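**Q** Quick one: this structure, given as structure tokens, is what I'll be asking you about.
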Amino acid sequence: MRFTKMQGIGNDYVYVNCLEERIDDPAAVAKLVSDRHFGVGSDGLILICPSEIADFQMKMFNADGSQAQMCGNGVRCVGKYVYDRGLTDKTRLRIETLAGIIVLRLHVEDGKAVSITVDMGEPRLAPAEIPVNAEGSTFVNRLVTVNMIQYKLTAVSMGNPHAVVFLPDTDSLDLEAIGPSFENHRLFPERTNTEFVQVIDRGTLKMRVWERGAGETLACGTGACASLVAAVLCGKADRRAVLKLLGGDLEIFWDEETNHVFMTGPAAFVFDGEIEL
């Protein structure tokens, strides 16, 4: 199987051009290639496929083989791949995902896409749409007990579920210890991604993320969007802010007029390769 390794601020995936390659068991392939000792090493597998309703289709599989609805860093890399490889000459792309059609605007320099703005759509706040096992119209700043400790948690879906927790310090967190307990909490019937956010100021947030099916990753685009939405809902940030993740920075803007969240960040090619399945 021919593949391309790409990363968006450290959120790295193995990308396969399924306009040319055929993958019969993507869940098994995802587990194989994601292994950082016996495989390629990645946070998961992303397939770039033809689409009948958009320019291309993105199928994403986590490192544990589970399929995810969307990945903000991943979809930016899809945009860079199809443009840089000459599969399209469009700088405005529509990508089909399990979370719906995602619109990308490519920022091109010297014939290459160097950064991408993604229209991530509207945040979903109703518990049934996230989903969260809870009553009410939203799940904002509610007390939740995890490992016998109470946290104030805000739940947001950006096409996939997120639990956002604000803390005075994120550097000292032992995510390996607490991440699985959030991910598999009974509140979340489909498990959840969890963002631990430190407010630097109203325009700057620092974030670490525990992704369902992958563990701690250097970045999560949908998580950065969910974190800004949660910060605005909790009165902690303005609608435009820089999210500082372990792998780099993303600019997030929640447009009050359209209710859409926009994410701008880089996408980078790492290497091409082949692996025997």
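**Q** Where does the charge balance sit around Leu153 when Lys and Arg score +1, Asp and Glu -1, over other residues with C-beta under 12 Å from its C-beta? Walk me through the intermediate numbers first.
**A** On the way: positive: Arg142, Lys152; negative: Glu195.
Neighbour charge sum, excluding Leu153 itself: +1.
**Q** Mind checking the per residue accessible area of the stretch 109-212 for me, 1.4 Å probe, whole number of Å²?
**A** On a per-residue basis, the stretch 109-212 sits at 45 Å².
**Q** Right, next: Mind ordering 239-252, 20-33 by average Cβ neighbours within 10 Å, highest first? Please list the in-between numbers first.
**A** Numbers: 239-252: 20.4, 20-33: 16.1.
Answer by packing, highest mean first, reads 239-252, 20-33.
**Q** If I take every Cα pair under 8 Å that is 6 or more residues apart in the stretch 1-131, average their sequence separation and divide by the length, what percent do I get for the relative contact order?
**A** Details: 261 pairs, mean separation 22.9, N = 131.
In percent, rounded to a whole number, it is 17.
**Q** Determine which residues of the stretch 87-104 fall in the zone a paramagnetic label at Gln69 would reach in this model, i.e. backbone nitrogen under 13 Å from the point 7 Å along Cα→Cβ.
**A** Residues 97-102 qualify, since their backbone N sits under 13 Å from the label point.
**Q** Quantify, in whole percent, the carbon and sulfur part of the accessible surface of the stretch 1-72 (1.4 Å probe; protein heavy atoms only).
**A** Numbers: 1320 of 2890 Å².
Result for the stretch 1-72: 46 percent of the exposed heavy-atom area is carbon or sulfur.
**Q** Along the charge dipole of the stretch 191-273, pointing to its positive end and built from +1/-1 on Cβ of Lys, Arg, Asp and Glu, which listed residue (Met263, Ile252, Ala214) has its Cα farthest out?
**A** The one lying farthest along the dipole's positive direction is Ala214.
**Q** Further question on the same structure: Can you spot the lysines whose alpha carbon is less than 20 Å from Lys152's alpha carbon? Ignore those fewer than 8 places along the same chain.
**A** Once the sequence-local lysines are set aside, what remains near Lys152 is Lys206, Lys236.
**Q** Here's another thing I want to ask about it. Is the stretch 90-205 rounded, prolate or oblate when judged by the Cα gyration tensor, a ≥ b ≥ c being the square roots of its eigenvalues, rounded requiring a/c under 1.5 and prolate requiring a/b larger than b/c? Can you show the working numbers first?
**A** Numbers: a/c = 2.39, a/b = 1.60, b/c = 1.49.
Taking the square roots of the gyration eigenvalues as a ≥ b ≥ c, the stretch 90-205 is prolate.
**Q** Three principal axis extents, largest first, for the C-alpha atoms of the stretch 1-105, in Å?
**A** Cα spread of the stretch 1-105 along its principal axes, largest to smallest: 37, 24, 24 Å.
**Q** What number, in nm² with one decimal, is the all-direction average of the projected area of the convex hull of the alpha-carbon atoms of the chain?
**A** On the way: hull surface 57.0 nm².
Spelled out: convex hull of the Cα atoms, projected over all directions, averaged, 14.2 nm².
**Q** May I ask you to order 36-43, 136-143 by the average number of other C-beta atoms within 10 Å around their residues, highest value first?
**A** On the way: 36-43: 16.0, 136-143: 14.0.
Final packing ranking: 36-43, 136-143.
**Q** Also, quick follow-up: Compute a Gaussian network model of the chain, connecting alpha carbons closer than 10 Å, and tell me which residue from Thr222, Thr204, Thr145 fluctuates the most.
**A** Of Thr222, Thr204, Thr145, the most mobile in the Gaussian network model is Thr145.
**Q** To continue, here is another question. Before anything else, pin down the relative contact order of the stretch 200-277: Cα pairs under 8 Å, at least 6 apart, normalised by residue count, whole percent. List each step's numbers first, then the result.
**A** Numbers: 112 pairs, mean separation 20.2, N = 78.
Reported relative contact order: 26 percent.
**Q** Further question on the same structure: If each residue of separation counts as 0.36 nm, what is the full-extension length gain between Ser172 and Asp24 once their alpha-carbon separation is subtracted? Walk me through the numbers before you get to the answer.
**A** On the way: separation 148, 0.36 × 148 = 53.28 nm, distance 4.21 nm.
49.1 nm is the gain from fully extending Ser172 to Asp24.
**Q** Considering only C-alpha atoms, what is the centroid distance from the stretch 185-210 to the stretch 30-95, in Å?
**A** 23
**Q** With each run of n ≥ 4 DSSP H residues scored as -39500 (n - 2.57), what mean residue ellipticity at 222 nm is computed for the chain after dividing by its residue count and rounding to the nearest 500 deg cm²/dmol?
**A** Working: 4 runs with 44 residues, N = 277.
One gets -5000 deg cm²/dmol as the mean residue ellipticity at 222 nm.
**Q** Hey, how much of the P(r) for the stretch 124-277 falls beyond 24 Å, as a percent of Cα pairs?
**A** Values: 3550 of 11781 pairs.
Above the 24 Å cut-off, the stretch 124-277 has 30 percent of its Cα pairs.
**Q** Over the chain, calculate the relative contact order: mean separation of alpha carbon pairs under 8 Å at least 6 apart, over the residue count, as a percent.
**A** On the way: 721 pairs, mean separation 55.1, N = 277.
With pairs under 8 Å counted, the relative contact order is 20 percent.
**Q** Continuing with this model, one more query. How many nm separate the modelled label positions at Leu277 and Asn147, each set 7 Å beyond the Cα in the direction of the Cβ?
**A** The answer from the label model is 3.7 nm.
**Q** Given the peptides 61-70, 7-16, arrange them by the average over their residues of other C-beta atoms within 10 Å, most packed first. Don't skip to the end; give the middle numbers.
**A** On the way: 61-70: 19.6, 7-16: 25.3.
Per-residue mean Cβ counts within 10 Å order the peptides as 7-16, 61-70.
The values are calculated or read from the model by the stated rules, or taken from the named source; none is laboratory data. Fair warning: this is a prediction, and the values are worked out from it, not measured in the lab. Because the Cβ atoms are built from the backbone with ideal geometry, glycine has one as well, and the counts that use them run over all protein chains shown. For the accessible areas, the whole protein counts, side chains as well, though only heavy atoms, and no ligand, DNA or RNA atoms are used. Shrake-Rupley method; radii C 1.70, N 1.55, O 1.52, S 1.80 Å.
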